[in-house]
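Colleague: Quick one: the structure is below, and I'll ask about it shortly.
The values are calculated or read from the model by the stated rules, or taken from the named source; none is laboratory data. Please read all numbers here as calculations on a predicted model, not as lab measurements. Neighbour counts are summed over all protein chains in view; Cβ atoms, including those assigned to glycine, are modelled from backbone coordinates with ideal geometry. Heads up: the accessible areas ignore ligands, DNA and RNA and are worked out on the full protein's heavy atoms, side chains in. Shrake-Rupley method; radii C 1.70, N 1.55, O 1.52, S 1.80 Å.
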Amino acid sequence: MTFPFLSSPDSQTHSPLSHSPLSKVAAITTSFWIIKVLSTGMGETASDFLAHRLGPLPAVALTGSVFIVALALQLRAKCYAAPLYWFAVIMVSVFGTLAADAVHVGFGVPYWASTIGFLLALGVIFTLWQRSEGTLSIHSITTRRRELFYWAAVLATFALGTAAGDFTARTLGLGWLTSGLLFAALMALPVLLRVRLNLSPVLAFWWAYVITRPVGASFADWVAVPHSQGGIGLGTGVVTLGLSGLILVFVLVSAAHKGRSSAQSEALTPAD
């Protein structure tokens with residue numbers, strides 16, 4: 001299932017199921033959003049687990065190194081490969097979360113200030129991207145420069161979502177469950193605005209993409225943190241393993257589905 005209301009203007013002349021073979025970004029399907037939300041939750045609990053076991057600085061250094069490797073593998077790939085793409089997204093989630101937390105814990109920056117700071121950083125990235133390429137559509141990411149802009153934006157969205165989720169849950173005192181429900185409603189809002197007010201599909205996509213971070217992280221924290229903090233208390237390690245398993249299943253299913261779709265497409269293509 002695809003989401004044509006979140007497709008880009010330059011893709012609307014094609015079938016909703018179409019996806020450029022030159023693009024190394026996953027198609028916007030139901031599984032895309034499911035894996036994205038799961039990866040945000042996994043990144044949140046994994047970062048907390050590593051920070052408590054290794055210490056904040058070693059955890060940032062370790063995950064930063066793995067993130068660089070994951071991104072290098074993704075950039076070197078010749079075409080979209082689900083395992084490589086989602087490995088890079090997961091490492092952005094873990095590293096971006098630790099980096100955002102380090103701003104607060106290491107430098108004492110309030111969550112509201114870091115939220116504004118990361119929002120401005122994302123705005124700068126989008127501005128430079130738009131001026132350079134003329135579009136922010138993920139369907140147009142078929143060059144190295146656009147791919148670099150894309151991953152810079154993804155990293156900023158994870159850091160922004162981390163700060164925003166902590167701001168509502170901790171600073172405003174809403175707690176993890178209420179924060180998760182609040183952001184889930186905000187994530188659904190662009191769908192309504194797209195249908196009723198013809199909101200730009202590119203804006204709708206990035207809006208939903210940013211909000212998935214605090215949605216997944218808030219619910220993951222709620223399941224992981226102890227009862228004394230308003231959670232269920234399963235622990236960050238257990239939740240990280242559980243979410244990792246779900247991500248693996250959905251990625252493998254997504255890869256298998258793409259493989260079958262490609263095979264069917266080749267079968268239907270007339271020979272020269």
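Colleague: Got a sec? Which helices (runs of 4 or more DSSP H) wholly within region 126-229 have at least 1 residues that are aromatic (F, W, Y) and more than 28 Å from T45 (Cβ to Cβ)?
Modeller: Passing ranges, in order: 144-166.
Colleague: Does any residue in region 180-197 that is farther than 20 Å from G230 by Cβ and open to solvent by 70 Å² or more (accessible area, probe 1.4 Å) come within less than 9 Å, Cβ to Cβ, of a residue that is modelled with pLDDT under 95 and not charged (D, E, K, R) six or more places away or on a different chain, and which pairs are these?
Modeller: Matching pairs, first to second residue: L192/L199; V195/F5.
Colleague: How many residues, within region 58-89, are part of a helix (DSSP H, G or I), open to solvent by less than 30 Å² (accessible area, probe 1.4 Å) and either modelled with pLDDT under 90 or closer than 22 Å to V253 by Cβ (or both)?
Modeller: The qualifying residues number 7.
Condition check ((1) within 24 Å of P83 (Cβ to Cβ); (2) at pLDDT 95 or above) across all residues:
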site	(1), (2)
I211	no, no
A217	yes, no
S228	no, no
L246	yes, yes
S254	yes, no
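Colleague: From T157, T97, T168, T127, grab the single residue that is without any contact (Cβ under 8 Å) to a residue 12 or more places away in the chain and not acidic (D, E).
Modeller: T127
Colleague: Is it the case that some residue within region 34-54 is closer than 22 Å to H257 by Cβ, among the basic types (K, R) and modelled with pLDDT under 90?
Modeller: Taking every residue of region 34-54 in turn, none turns out to be closer than 22 Å to H257 by Cβ, among the basic types (K, R) and modelled with pLDDT under 90.
Colleague: Hey, another quick one. Of all residues in region 119-141, how many are open to solvent by 60 Å² or more (accessible area, probe 1.4 Å) and among the β-branched types (V, I, T)?
Modeller: Count: 2.
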